[in-house]
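Single-structure report; data block below.
The values are calculated or read from the model by the stated rules, or taken from the named source; none is laboratory data. This one's a predicted model, so the numbers in the text were calculated from it and none came from an experiment. As a convention, Cβ positions derive from the backbone with ideal geometry for all residues, glycine included, and neighbour counts pool all protein chains shown. We work out accessible area using only protein heavy atoms, side chains counted, and drop any ligands, DNA or RNA first. Shrake-Rupley method; radii C 1.70, N 1.55, O 1.52, S 1.80 Å.
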Amino acid sequence: MDHDTALRQQLAAILDWGDAHATFDSALKGIPLRLRGATPAGLGHSPWQLLEHLRLTQWDILDFSVNPNYEEPASMDEYWPASVAPPSDKAWDESVAAVKHDREQLKRLAADKNVDLFAKIPHGSGQTILRELLLVADHTAYHVGQLVDARRALGIWG
């Protein structure tokens, strides 16, 4: 296997692997409806806030990576939901589905040999697709860890 193919496979894999930590899917699995909006004592965010932050940020990174008409959010507040709890069970399910959908789009981007992973994104300030893929993987891993901590604090992990 050539180095380009190997790199692309690793980039696609890192977006949802669980080699060194919990996965996004395992961190969310089985969170009871009544606790999705609960902010554990000593922690800053509810599971809903973390889920929505992951969705919003991942979508923004994907959009930045592929959309030449990308518009940067006016404020970092736009990366967080307005409420601590999901407005409905449907909203939770839609958010989970959107994260999975956009993750698959990022995996396709990583695998696309027509995409130069090292070229600067034309509308950026020096970023590359490689950097954006690593950024989203790192950001997701960080907040998945927070989801696990929240679940531990709520007594619903392991």
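General remarks:
- Our estimate of slack between residue 43 and residue 120, defined as 0.36 nm per intervening residue step minus the Cα-Cα distance, is 24.0 nm.
- Radius of gyration over Kirkwood radius for the chain, both on Cα atoms: the Rg/Rh ratio is 1.00.
- Per-residue HN-Hα couplings for the stretch 45-53 [Karplus 6.51, -1.76, 1.60; θ = phi - 60°; Hz; x = Gly/Pro]: 9, 7, x, 4, 4, 5, 4, 5, 4
- Solvent-accessible area per residue, Å², over the stretch 42-114 with all protein chains present [probe radius 1.4 Å]: 55
- FRET efficiency for the residue 83 to residue 152 pair, using the beta carbon distance and R₀ = 35 Å, is estimated at 0.90.
- Extension reserve of the residue 29-residue 1 stretch, reckoned as 0.36 nm per residue once the Cα distance is removed: 6.5 nm
- Theoretical FRET efficiency, 1/(1+(r/R0)^6), r = Cβ-Cβ of residue 128 and residue 21, R0 25 Å, to 0.05: 0.50
- The stretch 75-89 - phi-based ³J(HN,Hα) in whole Hz, Karplus 6.51/-1.76/1.60, Gly and Pro as x: 8, 5, 4, 5, 8, 10, x, 6, 10, 6, 10, x, x, 6, 4
- Taking every C-alpha pair closer than 8 Å and separated by at least 6 residues, the mean separation divided by the residue count of the stretch 90-158 gives a relative contact order of 15 percent.
- Whole-angstrom gap from the stretch 116-156 to the stretch 2-58, using each part's C-alpha centre: 10
- The count of lysine pairs in the stretch 1-138 that are at least 8 places apart or cross chains, and whose C-alpha atoms lie under 28 Å apart, stands at 8.
- With all protein chains in place and a 1.4 Å probe, the accessible surface of the chain carries 53 percent carbon and sulfur.
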